[in-house]
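Some notes on the structure that comes next.
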Amino acid sequence: MIIEEQGPRDGFQVEAIQIPTELKIKWIEDAVSAGVKRVQMSSFVHPKLVPQMADAEAVCAGVSKQSGVVYSGLVLNVKGVERAVKAGLTHVAISMSASDTHSRKNANKSLSEALVEFSEMAKIAKEAGLVVRAGIQCAFGCRYEGNISEEYVLELVKKHLDLGIDELSLADSTGMANPVQVKRIINQVVPLARNLPIFLHLHDTEGKGIANMLAAIDCGVNHFDTAFGGLGGCPFIKGATGNIATEDVVHCLEQMGYETHINNQKMIALAKEVEAFLGRKLPGKVKEVVSFD
Ligand code: MG
């Protein structure tokens with residue numbers, strides 16, 4: 001199983017307290033030292049809109065890189081790709097929403113405008129030699145629009161694949177997905193994906209995050225985004241809460257006999273350290289009950 005740690009991006013982006021750059025760097029390095037092989041370090045978005053991510057370049061430059069680890073950044077527009085390339089990233093996550101309302105709020109673009117921008121992002125990133133992960137936000141529902149057309153999500157997947165991207169990601173940004181729906185959609189995406197990795201980005205807003213992960217595993221998915229402590233949310237989605245917690249996911253997968261190669265004692269210690277800094281209980285569950293003493 002491949003876990004992509006997204007605490008430093010999806011987690012920190014909604015935090016009101018400005019987290020010092022050095023601490024972000026330390027926590028990314030701690031996650032890698034716990035065994036995480038993929039980490040989304042930051043996002044290259046407008047610093048006025050998401051002030052917490054204003055130090056994207058400094059974070060990316062400051063992390064001491066380990067071989068065999070994928071260090072990526074999220075971008076939502078061409079400017080972001082250019083910044084990521086300049087920052088020396090070799091892997092970038094480009095992303096757009098399947099919901100018109102969310103797209104307008106999050107990226108200030110209609111769906112058709114977002115698709116044009118997306119193609120341009122993919123082109124620039126590929127020309128720069130980057131590995132590109134293509135993401136679809138709100139793929140399983142939107143807090144503003146309710147249901148999102150599955151046909152449209154599948155159409156986006158096909159369009160993204162035609163751009164020569166390297167990895168796919170489907171995000172339940174709002175935490176509205178359910179296991180039956182996850183299976184239905186993933187079973188249609190798998191044959192399209194031509195053996196490219198499919199990531200599932202799950203939020204636990206309605207308490208179904210782990211259930212949705214298990215449903216996706218049944219369909220052959222083995223790449224998941226998580227965030228230490230269960231941090232996370234979208235600044236532009238009403239009531240959005242955390243991602244499935246890295247340490248909860250590791251705990252569950254290992255119990256089920258899957259290997260994550262992540263040391264959960266270290267992961268839980270990291271979640272607790274972040275929790276102590278932020279000064280409030282984070283939603284991850286196993287850190288409350290699992291002890292390695
Ligand atoms: Mg998210």
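The values are calculated or read from the model by the stated rules, or taken from the named source; none is laboratory data. Quantities reported herein were computed from a predicted structural model and do not represent experimental measurements. No Cβ is skipped: glycine too gets one built from the backbone with ideal geometry, and neighbour counts run over all protein chains shown. Side chains are part of the model used for accessible areas, which takes the heavy atoms of the whole protein and leaves out ligands, DNA and RNA. Shrake-Rupley method; radii C 1.70, N 1.55, O 1.52, S 1.80 Å.
Summary table
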item: Region 70-152 - share of DSSP beta bridges that are antiparallel (%, nearest 5); result: 10 percent
item: Estimated 222 nm signal from helices in the chain, with DSSP H stretches of n ≥ 4 weighted -39500 (n - 2.57), rounded to 500; result: -12000 deg cm²/dmol
item: Square roots of 5 times each gyration tensor eigenvalue, C-alpha, the chain, largest first, Å; result: 26, 22, 18
item: N187/Q255 FRET efficiency (R0 22 Å; Cβ-Cβ; nearest 0.05); result: 0.30
item: Amide H contacts under 5 Å for S95, placed H, 5+ residues apart; result: V75, G135
item: DSSP beta bridge pairing in the chain, given as percent antiparallel to the nearest 5; result: 5 percent
item: Most mobile listed residue (F12, F140, F277) in the chain, GNM with C-alpha springs under 10 Å; result: F277
item: Among M256, L163, A245 the positive-end extreme of the charge dipole of region 2-289 (Cβ point charges); result: L163
item: Spatial separation of Cα centroids for region 27-52 and region 145-178, in angstrom; result: 23 Å
item: Cα centroid of region 107-134 to Cα centroid of region 242-293, whole Å; result: 33 Å
item: Computed magnitude of the charge dipole of the chain (debye, nearest 20; Cβ of K, R +1, Cβ of D, E -1); result: 400 debye
item: Relative packing of peptides 119-126, 280-287 - highest average C-beta neighbours within 10 Å first; result: 119-126, 280-287
item: Projected label distance in nm at V289 and A61, using a 7 Å step from Cα toward the beta-carbon; result: 4.6 nm
item: Residue-count net charge about N264 - beta-carbon cut-off 10 Å; Lys, Arg +1, Asp, Glu -1; result: -1
item: Largest to smallest accessible area among Y152, Y71 [probe 1.4 Å]; result: Y152, Y71
item: Peptides ranked, highest mean first, by Cβ atoms within 10 Å: ranges 222-229, 74-81; result: 222-229, 74-81
item: Cα-based reach from K26 at 13 Å (exclusive), listing aspartates and glutamates while leaving out same-chain residues under 8 positions away; result: E273
item: Pairs beyond 30 Å (Cα-Cα), from K238/K281; K37/K109; K24/K86; K208/K281; result: K37/K109
